[in-house]
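K.L.:
Quick one: structure below, then a few questions.
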Amino acid sequence: MAKFLFAIFLLPLSLLSQDEFPTAWLGSWKGELEVFPESQSLQHVEVSLEIKKTDIPGTYTWLTVYNSSERRIEKEYLLREIDASRGMFEIDEQDGIILPATLLGNELWSFFSVQGIFLVSVYRFSAEFIEFEIPSALQADEKQSGGQNDSIPAVQSYPVRSLQKTRFRRVEE
């Protein structure tokens, strides 16, 4: 099993990435963000996503707008190609935070942590919609198992504490 998993990691990312990214994703999208907190009621927030080319080759604006009843929040990021043939991109939050992003098939993935919280961001594209999900887990909730001997490695795991997800639908301009 371990040899099989290792072999998968050796596959060139170019075999998994799609040439139409991010061109096919360009445009305006709208949806409803659902927030599933661990022990509170489900929350809903209207959200829009706008992906556009910039004047800089290989750089795109990635604007997300959250419209809750309390306030409007705009997050204007830049998506940059690092090595598109290998599916390597970065998301620049334009405040000193830059997250690596990897295109695997039709999915853009980022894994990061902030203030002891692990987050995995994934955007899944289809012709009709973009799905967004971001589960989170607390580093302090680490559970360990395995490791009883050399043939069973120690495994650290983290229970998911919350999930945010949206299904964006294209808005015709």
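K.L.:
Going through segment 77-87 one residue at a time, which ones are free of Cβ contacts under 8 Å to residues at least 24 places away in the same chain, closer than 12 Å to Thr59 by Cβ and not hydroxyl-bearing (Ser, Thr, Tyr)? It would help to see each step written out before you state the result.
P.N.:
Step one: filter segment 77-87 for residues free of Cβ contacts under 8 Å to residues at least 24 places away in the same chain, giving 77, 80-83.
Now narrow it down to the ones that are closer than 12 Å to Thr59 by Cβ: 77, 80-82.
Hits for segment 77-87 are Arg80, Glu81, Ile82.
K.L.:
So is Glu173 on the phi < 0 side of the Ramachandran plot, touching a strand residue (DSSP E or B) at 6+ places or on another chain (Cβ under 8 Å) and assigned to a loop (DSSP other than H, G, I, E, B) or not? First the steps, then the outcome.
P.N.:
On the way: on the phi < 0 side of the Ramachandran plot: yes; touching a strand residue (DSSP E or B) at 6+ places or on another chain (Cβ under 8 Å): yes; assigned to a loop (DSSP other than H, G, I, E, B): yes.
When the stated conditions are applied, Glu173 passes them.
K.L.:
Can I ask one more? Could you check, for segment 88-108, whether at least one of its residues is under 19 Å from Leu33 (Cβ atoms), touching a residue at least 40 places away in the same chain (Cβ under 8 Å) and within 10 Å of the chain's Cα centre (by Cα)?
P.N.:
So far as segment 88-108 goes, yes, one or more of its residues are under 19 Å from Leu33 (Cβ atoms), touching a residue at least 40 places away in the same chain (Cβ under 8 Å) and within 10 Å of the chain's Cα centre (by Cα).
K.L.:
Restricting attention to segment 126-144, which residues are assigned to a strand (DSSP E or B) and loosely packed, with under 11 Cβ neighbours inside 10 Å?
P.N.:
Pass one, segment 126-144, residues assigned to a strand (DSSP E or B): 129-138, 143-144.
Hits for segment 126-144 are Lys143, Gln144.
K.L.:
Here is a follow-up. List the pairs whose first member sits in segment 23-47 and is within 26 Å of Phe89 (Cα to Cα), whose second member is part of a loop (DSSP other than H, G, I, E, B) and among the charged types (D, E, K, R), and whose Cβ atoms are under 9 Å apart, counting only residues at least 6 apart or on separate chains?
P.N.:
Hits for this filter: Gly27/Glu172; Gly27/Glu173; Ser28/Glu172; Ser28/Glu173.
K.L.:
Only one of (1) in contact (Cβ under 8 Å) with a residue 40 or more places away in the chain; (2) farther than 29 Å from Pro159 by Cα; (3) in contact with a helix residue (DSSP H, G or I) (Cβ under 9 Å, 6 or more places away or on another chain); (4) surrounded by 15 or more Cβ atoms within 10 Å (Cβ to Cβ) fails for Phe118. Which number is that?
P.N.:
Failed condition: (2).
K.L.:
Let me ask something else about it. Wholly within segment 8-94, which strands (runs of 3 or more DSSP E) include no fewer than the required count, namely at least 3 residues that are surrounded by 11 or more Cβ atoms within 10 Å (Cβ to Cβ), modelled with pLDDT of 95 or more and among the aromatic types (Phe, Trp, Tyr)? Show your work before the answer.
P.N.:
Details: elements: 27-36, 43-53, 59-67, 72-83, 88-92.
Qualifying strands (runs of 3 or more DSSP E): 59-67.
The values are calculated or read from the model by the stated rules, or taken from the named source; none is laboratory data. Note that the structure is a prediction, hence the values are computed from the model and not measured. All Cβ positions, even for glycine, are placed from backbone atoms using ideal geometry, and neighbour counts span all protein chains on display.
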